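The values are calculated or read from the model by the stated rules, or taken from the named source; none is laboratory data. These numbers come from a predicted model, not from an experiment. Ideal geometry is used to build each Cβ from the backbone, glycine not excepted, and the neighbour counts take in all protein chains shown. These accessible areas exclude ligands, DNA and RNA; they are computed on the full protein's heavy atoms, side chains included. Shrake-Rupley method; radii C 1.70, N 1.55, O 1.52, S 1.80 Å.
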Amino acid sequence: MRFFILYCFVFFACCYANAQDTSRLELWYKQPAANWNEALPVGNGRLGAMVFGDVVRERIQLNEESLWAGSPTAADANAAARLPEIRENLLKDSIRTAMALSEKYLRSKPMRIRSYQSLGDLYIDFFPDKSARPNISDYTRKLDLATGITTVSYTYNGVRFNREVFVSAPDNIIVLRLWSDQPGAIHCRLSLDREQDALVVPDGEKGLVLKGQVLDLPDEDAGPDGLHMRFAAKLTAMHTGGTVQSVNNSLYAKGVTELVVYLTAATDYNMALLDMDPRIDPVQQSSLLLQKIGTKTLAAIRADHIKDHTAFFNRVDLSIGSAAKRLLPTDERIKQVKAGAEDVDLAVLQFQYGRYLLMGSSRSPGILPANLQGIWCKDMNAPWNADLHTNINLQMNYWPVESANLSEAFLPFSNFVNLLRVPGRVTASKTFGSGGWTVNHLTNPFGRTSISDGVSWGTYPIAGSWLSLHLWEHFQFTKDTAYLRTQAWPVLREAALFIQGFLVKDSQGYWVTAPSTSPENAFKLPNGEVYGLSYGVTMDIQIIRELFAACKKAAALLKTDKEFITTLTKIEKDLPPIRVSKRYGIVQEWIHDYEETEPGHRHMSQLFGLYPGTQINRKTPELFEAAQRTIERRLQYAQGGTGSYTGWSKSWIINFYARLLNGDLAWKNLQDMQRYLTLPNLFDDHPPFQIDGNFGLTAGMIEMLLQSHTDTLQLLPALPASWPNGAVKGLKARGNLQVDMQWEQARIKTVRLLALAPYTGQVSVQGKIRKITLKTGEQFQWNP
């Protein structure tokens, strides 16, 4: 009997432990990170850290969002007077001549920008020789998405050692805590280091300061050389037991039971100026941030961090099927998926990871939008400079921000785009001879809006209009009329003003953009010549239609600019239609039915109207079917017929198939991402790491569960067969509607809609449509 009672106690204790484990959203591993792609990210929008978890030499790689090489440059080509000649040749299909003229007159100087950079590294040395691994047992490394805290625990010589790292938004610091379960067991050296342009000195008895200035080496095509951005990082340590003292560029801790380190950083960047500011002292700014902590305890700092973090993260809860595989380490789950297993709950983890990464790279106290790597970057010269790429990547970073219930994370994007209007007006006037504002295919914190990287590659003046549409989306989800009036409408209006002055009539009487490119793609003429420069490409026209529609709705709500809207409406009537290729039955990418040079190209720009746009849907059946064929053809030819793609492109396909109401193919492509394009720490693999794919995946899963871009809210529009049972709480629909629902056997069991603003519309559930009108705070519940 005693054995039976003991057995029951152990059984139920194990079950309870497993339930606790499977209820948590964690990335976890049984070994330290072997490289940066295995390290775990933490961030508060301004400061970022990648935690490796090594037991011999811990590495915590650091970032500060505004630390960039380069400086502002007046790069815009003075091409407005030459534009008519370029256009004339494009419109009569003399592309060789138009290209030659464009290379001569449209080139910016400089043509390239410099890179976002790592702040440096914090190293913690525990043992003298990394090659001689100590006898460690019971090692665990975790990142808890719900708290934003990463932890490391292990046993050495009978002593349990623990670490945790988090980045506090309320206190604007990185917090590192080390502790052991036996007194005086911690002996280590903490060092700050940076690959270049900085030095580290002691800061009192228990502190360090890293200070430096970016030295840009001569590179005529990337802008002026010389000393540019100044930056600093400061840390201070507190401890229980033992001693801590600063020596050279390190702190030495001996016989310590608990060690706590606060670290922060700053640069002399002033976003209001889109420039560095000599009045800002980064060392002083870092000191002030640490001084603000005052006598605040670690327990209070940690509690405030968790309260702040969970207030964002816990808004959305998603469960699909069983969570039993959470008992396996994350890297083991990835290996099983790569070997052919299906793991739906891994997708749930990736969904929430996308939300977590957006919170960590785009929110106050941060001020800049998330770049190609969010905020996490180990390099001095990052891939693609980790820039703000505006021909899809920056936009993709924010695809899930509203529907994933993280509207506050959009504000750095919105504020930055508003500031871009100033240099964007110069580009619009000087290069394109138009009013309003625009930007081409990339930008940086210094407000780059001119053509970059190459004429054929970088001439993309439609980007300003695309960025502007995100501000309209923010209004659609929040219904914040004050924001629409003061923030969104000025941006939208000026973007439309640019389009009005940029469009030109072609020989068929259509208003077209010229010059124009379909991002990073090229076409082949009958004579075999290959070009990227054209006029009136499909994506441009689709973006313009979306922009004009947004402007008309916004102006009507604000009761303003009637004459301007009348002008836009007249222009809209003479925009070219979306065409279907007679050659392949796909959505035509260019104004003519050109032969494709790369049929499997990663960009599918002609499908902007399907997603994130709204023009291709079930009410346009010919285009709806052509969109399906477009994707099939792209996948057929991708990377030699393997169907393989870059991570961000694959995530775009998930969204496409969701809009095509094909949940099974959306799920198949999500599985492809898991198998071929997911790194051990769940970062998206371009390759290399590029964060837009993480955000695109999150957006795609929401589109599979909920769509609100038409006049009807659709629930479970693209549910795959592999997701028969599940529940979601806290998703957002346009109209500021919060959506909770549960489904069983692929049929909705319950729906709860909460109006956070007055709402009138209709909802579709399994073919049944209900019209609803709700006041703020009212709920609509339906049990079909």
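When only residues in the range 206-248 that are part of a loop (DSSP other than H, G, I, E, B) and in contact with a strand residue (DSSP E or B) (Cβ under 6 Å, 6 or more places away or on another chain) count, which is surrounded by the fewest Cβ atoms within 10 Å (Cβ to Cβ)?
Top of the filtered list is Asp225.
Taking the residues in the range 46-76 that are small (Gly, Ala, Ser) and at pLDDT 95 or above as candidates, determine which candidate is nearest to the chain's Cα centre (by Cα).
The selected residue is Gly48.
Any chance the range 349-363 includes a residue that's open to solvent by 10 Å² or more (accessible area, probe 1.4 Å), part of a loop (DSSP other than H, G, I, E, B), out of contact with any His (no Cβ under 9 Å at 6 or more places or on another chain) and without any contact (Cβ under 8 Å) to a residue 24 or more places away in the chain?
So far as the range 349-363 goes, no, none of its residues is open to solvent by 10 Å² or more (accessible area, probe 1.4 Å), part of a loop (DSSP other than H, G, I, E, B), out of contact with any His (no Cβ under 9 Å at 6 or more places or on another chain) and without any contact (Cβ under 8 Å) to a residue 24 or more places away in the chain.
Looking at the range 537-565, I want the residues that are under 16 Å from Thr710 (Cα atoms) and among the acidic types (Asp, Glu) and have a partner that is open to solvent by 40 Å² or more (accessible area, probe 1.4 Å) and part of a helix (DSSP H, G or I) with Cβ atoms under 8 Å, at least 6 apart or on another chain. Which pairs are those?
From residues that are under 16 Å from Thr710 (Cα atoms) and among the acidic types (Asp, Glu), there are no pairs.
Is it fair to say Val175 is over 20 Å from Leu289 (Cα atoms), surrounded by 20 or more Cβ atoms within 10 Å (Cβ to Cβ) and not polar (S, T, N, Q)?
Spelling it out, it is not the case that Val175 is over 20 Å from Leu289 (Cα atoms), surrounded by 20 or more Cβ atoms within 10 Å (Cβ to Cβ) and not polar (S, T, N, Q).
Give me the strands (runs of 3 or more DSSP E) completely within the range 146-205, filtered to those with at least 1 residues that are at negative phi, among the acidic types (Asp, Glu) and in contact with a Lys or Arg (Cβ under 8 Å, 6 or more places away or on another chain), ordered by residue number.
Hits in the range 146-205: 159-168.
Grab the strands (runs of 3 or more DSSP E) fully contained in the range 21-70, keeping just those with 2 or more residues being open to solvent by less than 10 Å² (accessible area, probe 1.4 Å), over 30 Å from Asp221 (Cβ atoms) and out of contact with any Gly (no Cβ under 9 Å at 6 or more places or on another chain).
Answer list for the range 21-70: 47-51, 57-64.
Every residue in the range 515-557 that is in a strand (DSSP E or B), of a type in the set (Val, Ile, Thr) and crowded, with 19+ Cβ neighbours inside 10 Å, please.
Thr517
Which ones in the range 70-89 are of a type in the set (D, E, K, R), in contact (Cβ under 8 Å) with a residue 24 or more places away in the chain and out of contact with any Phe, Trp or Tyr (no Cβ under 8 Å at 6 or more places or on another chain)?
Scanning the range 70-89 gives a single hit, Asp76.
Taking the range 685-728 as the search range and keeping residues that are assigned to a strand (DSSP E or B) and among the β-branched types (Val, Ile, Thr), which one is farthest from Pro400 (Cα to Cα)?
Across the range 685-728, the extreme among qualifying residues is Thr712.
From the set of residues in the range 376-420 that are in a loop (DSSP other than H, G, I, E, B) and in contact with a Pro (Cβ under 8 Å, 6 or more places away or on another chain), which is nearest to Asp197 (Cα to Cα)?
The residue in question is Trp376.
Return the residues of the range 239-270 that are of a type outside the set (Gly, Ala, Ser), under 28 Å from Ser66 (Cβ atoms) and modelled with pLDDT of 95 or more; say none if nothing qualifies.
Within the range 239-270, Leu251, Val260, Val261, Tyr262, Leu263, Thr264, Thr267, Asp268, Tyr269, Asn270 meet the criteria.
Among the candidates Ala100, Ala74, single out the residue that is assigned to a helix (DSSP H, G or I), of a type in the set (Gly, Ala, Ser) and open to solvent by 30 Å² or more (accessible area, probe 1.4 Å).
After applying the criteria, what remains is Ala100.
Which one is farthest from Val261 (Cα to Cα) among residues in the range 158-190 that are more than 31 Å from the chain's Cα centre (by Cα) and of a type in the set (S, T, N, Q)?
Gln182
From the set of residues in the range 440-477 that are open to solvent by 10 Å² or more (accessible area, probe 1.4 Å) and touching a His at 6+ places or on another chain (Cβ under 8 Å), which is farthest from Thr538 (Cα to Cα)?
The qualifying residue farthest from Thr538 (Cα to Cα) is Asp453.
For the range 320-327, does any single residue satisfy the condition of being charged (D, E, K, R) and either crowded, with 17+ Cβ neighbours inside 10 Å or under 25 Å from the mean Cα position of the chain (by Cα) (or both)? Full working, then the answer.
To start, the set of residues in the range 320-327 that are charged (D, E, K, R) comprises 325-326.
If we keep only those that are either crowded, with 17+ Cβ neighbours inside 10 Å or under 25 Å from the mean Cα position of the chain (by Cα) (or both) as well, we get 325-326.
Checking the range 320-327: at least one residue is charged (D, E, K, R) and either crowded, with 17+ Cβ neighbours inside 10 Å or under 25 Å from the mean Cα position of the chain (by Cα) (or both).
Report the residue count in the range 393-439 for those that are aliphatic (A, V, I, L, M), open to solvent by 30 Å² or more (accessible area, probe 1.4 Å) and under 26 Å from His709 (Cα atoms).
Number satisfying all stated conditions: 1.
From the residues in the range 249-277 that are of a type in the set (D, E, K, R) and in a loop (DSSP other than H, G, I, E, B), which one is nearest to Ile301 (Cα to Cα)?
Filtering first and then ranking leaves Asp268.
Restricting to the range 103-112, count the residues that are in contact (Cβ under 8 Å) with a residue 40 or more places away in the chain and either in contact with a helix residue (DSSP H, G or I) (Cβ under 6 Å, 6 or more places away or on another chain) or open to solvent by 30 Å² or more (accessible area, probe 1.4 Å) (or both).
Final tally of qualifying residues: 6.
Inside the range 270-319, can you point out the residues that are of a type in the set (Ser, Thr, Tyr) and either within 22 Å of the chain's Cα centre (by Cα) or open to solvent by 30 Å² or more (accessible area, probe 1.4 Å) (or both)?
Thr295, Thr297, Thr310, Ser319
If a residue has to be surrounded by 21 or more Cβ atoms within 10 Å (Cβ to Cβ) and assigned to a loop (DSSP other than H, G, I, E, B) to count, how many in the range 729-755 make the cut?
Total meeting the criteria: 1.
Just the residues that are of a type outside the set (S, T, N, Q) and farther than 24 Å from Leu215 by Cα, please, taken from the range 273-297. Step through it out loud before you land on a result.
Step one: filter the range 273-297 for residues of a type outside the set (S, T, N, Q), giving 273-283, 288-290, 292-294, 296.
Residues satisfying the conditions are Leu288, Leu289, Leu290, Lys292, Ile293, Gly294, Lys296.
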